[in-house]
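Q: Sharing a structure here in structure tokens format.
The values are calculated or read from the model by the stated rules, or taken from the named source; none is laboratory data. These numbers were taken from a predicted model, which means no experiment stands behind them. Glycine also receives a Cβ, built like all others from the backbone with ideal geometry; neighbour counts cover every protein chain displayed. Only protein heavy atoms, including side chains, enter the accessible area calculation; ligands, DNA and RNA are left aside. Shrake-Rupley method; radii C 1.70, N 1.55, O 1.52, S 1.80 Å.
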Amino acid sequence: MMSLATALLGLVSCSSEEGSDNMAKTADLQLTTDISTTRSIIEATSFSAGSMVELFVSGAANNINYAWAEYNAAGFWSINPTVKLSGANVGLIGLANLKDADITPDENGDQCDILIGTPNLAKGAFINAAYPKVPMTFHHALARISFVLKQQNGSEQLTCISLKNIEKGSAISVKCDSTKLADIAKEMAYVIAHNEDNTHIWDSFLESMLSMIYANREAATLTLKKTITLSEDSQTIDLLVVPTSINSYNRVTLELTIGGNVYSVELPYTTWSSNSRYVYPVTIDTSKDMPVAISVGSSTILDWSNNGEGNIENTWNMD
């Protein structure tokens, strides 16, 4: 089967040959970074000191294909081992917060927010010894799902929220194949090194990447233990999920533990995409002498950073 890199290279032009003067010049790779549509709940617009990024490199003068970058207290990235650049164009991809590629909430409710970084290059710009300082934009590989909770006629305590697969569906998964992700990152770096226009590289690669990374998902339950007192005022709880489609083959329920009792409601069919936020209104009715009724409306799709509904109840660490 034709590789992702080979297929995409058929659609792009190879870069021009470099002059002999350029080939003799060398420089060390440098990084600057930003995070696409950063959520305010991360409380920063960039990485924090001590954050680590895995770098996948293609075409380095000293044949380095893999390196680590650490963000230091002075606000600079330290790259180890050093990546040397010459006149030849180099491709670069960064992965952050991959860990074990497991997004299960920990005991504090934190989840691993997997980020994928691509060079933010203008058309006709390249990474080489003449241009060693590379701006990279990191994008959220996961989808952000927000449940805006309101309770009518009461003030019960919610202690747990879960997303569960119905029957044998596998829409909800908590792991991705980190080996596949690394392989795809290598191919992406190679294409960037040979592509004359990388202005839309993220859009070009994202869907192909995710379809490969999560192709062999295993069904799981995504559970967040969080105690809040419900009321008529909106309160928002977020979960990060592996991008997926919810349909007749992959049905998903929202499960809420309220007042010690567990209630389930099926979510409407939709598709959750990377780097986007999906907001669901959830109404809990606890009228006297009536069974608890829970309704979930269709999602509103927003930019990742849009926090207009209610208060965010949980946070995620960047490192």
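Q: Keeping all protein chains in place, calculate the accessible area per residue for segment 50-194 (probe 1.4 angstrom), answer in Å². Provide the component values of the computation, followed by the final result.
A: Numbers: 5620 Å² over 145 residues.
With all protein chains present, segment 50-194 gives 39 Å² per residue.
Q: Suppose R0 equals 51 Å; then what is the FRET efficiency for Ser287 and Asp102 from their Cβ-Cβ distance, rounded to the nearest 0.05? Numbers along the way, then the final one.
A: Details: r = 40 Å, r/R0 = 0.79.
Approximately 0.80, to the nearest 0.05.
Q: Could you give me D for segment 58-107, from Stokes-Einstein at 4 °C and 1.567 mPa s, where the hydrodynamic radius is the Kirkwood radius over C-alpha pairs? Units µm² s⁻¹, please.
A: Values: Rh = 13.2 Å.
Answer from the Stokes-Einstein relation: 98 µm²/s.
Q: Oh, and also: What distance in nm separates the two pseudo spin-label positions at Ala73 and Ser245, each 7 Å out from Cα along the beta-carbon direction?
A: Result for the modelled spin labels: 5.1 nm.
Q: Now for a different question. Quick one: length gained pulling Thr159 to Thr26 fully straight, 0.36 nm per residue minus the C-alpha distance? Could the numbers behind the result be given before it?
A: On the way: separation 133, 0.36 × 133 = 47.88 nm, distance 5.78 nm.
Extra length from Thr159 to Thr26 when fully extended: 42.1 nm.
Q: To continue, here is another question. Which whole-number value in Å² is the accessible area per residue of segment 230-273, probe 1.4 Å?
A: On the way: 1780 Å² over 44 residues.
Result: 40 Å² of accessible area for each residue.
Q: Between Asp34 and Ser273, take the C-beta separation as r, use R0 = 22 Å, and let me know the FRET efficiency to the nearest 0.05.
A: Working: r = 21 Å, r/R0 = 0.94.
So, using R0 = 22 Å, E works out to roughly 0.60.
Q: Could you grab the Rg to Rh ratio for segment 63-199? Cα atoms only, Kirkwood for Rh. Intermediate results must be reported in sequence, preceding the final value.
A: Details: Rg = 20.3 Å, Rh = 18.3 Å.
Answer for segment 63-199: 1.10.
Q: Can you put Lys168, Lys25 in order of accessible area, largest first, using a 1.4 Å probe? Mind showing how you got there, number by number?
A: On the way: Lys168 200, Lys25 100 Å².
Final ranking, largest accessible area leading: Lys168, Lys25.
Q: Could the peptides 90-97, 51-58, 27-34 be put in order, highest first, of the mean number of other beta-carbon atoms found within 10 Å of their residues? Present the calculation step by step, with values, prior to reporting the outcome.
A: Values: 90-97: 25.4, 51-58: 21.8, 27-34: 17.5.
By packing density, highest mean first, the sequence is 90-97, 51-58, 27-34.
Q: Can I ask one more? Testing the spin-label approximation: label points 7 Å from Cα along Cα→Cβ at Ala130 and Tyr66. State their distance in nm.
A: 3.3
Q: Quick one: compute the contact order of segment 229-274, relative version, from alpha carbon pairs under 8 angstrom and 6+ residues apart, as a percent.
A: On the way: 40 pairs, mean separation 17.6, N = 46.
It rounds to 38 percent for segment 229-274.
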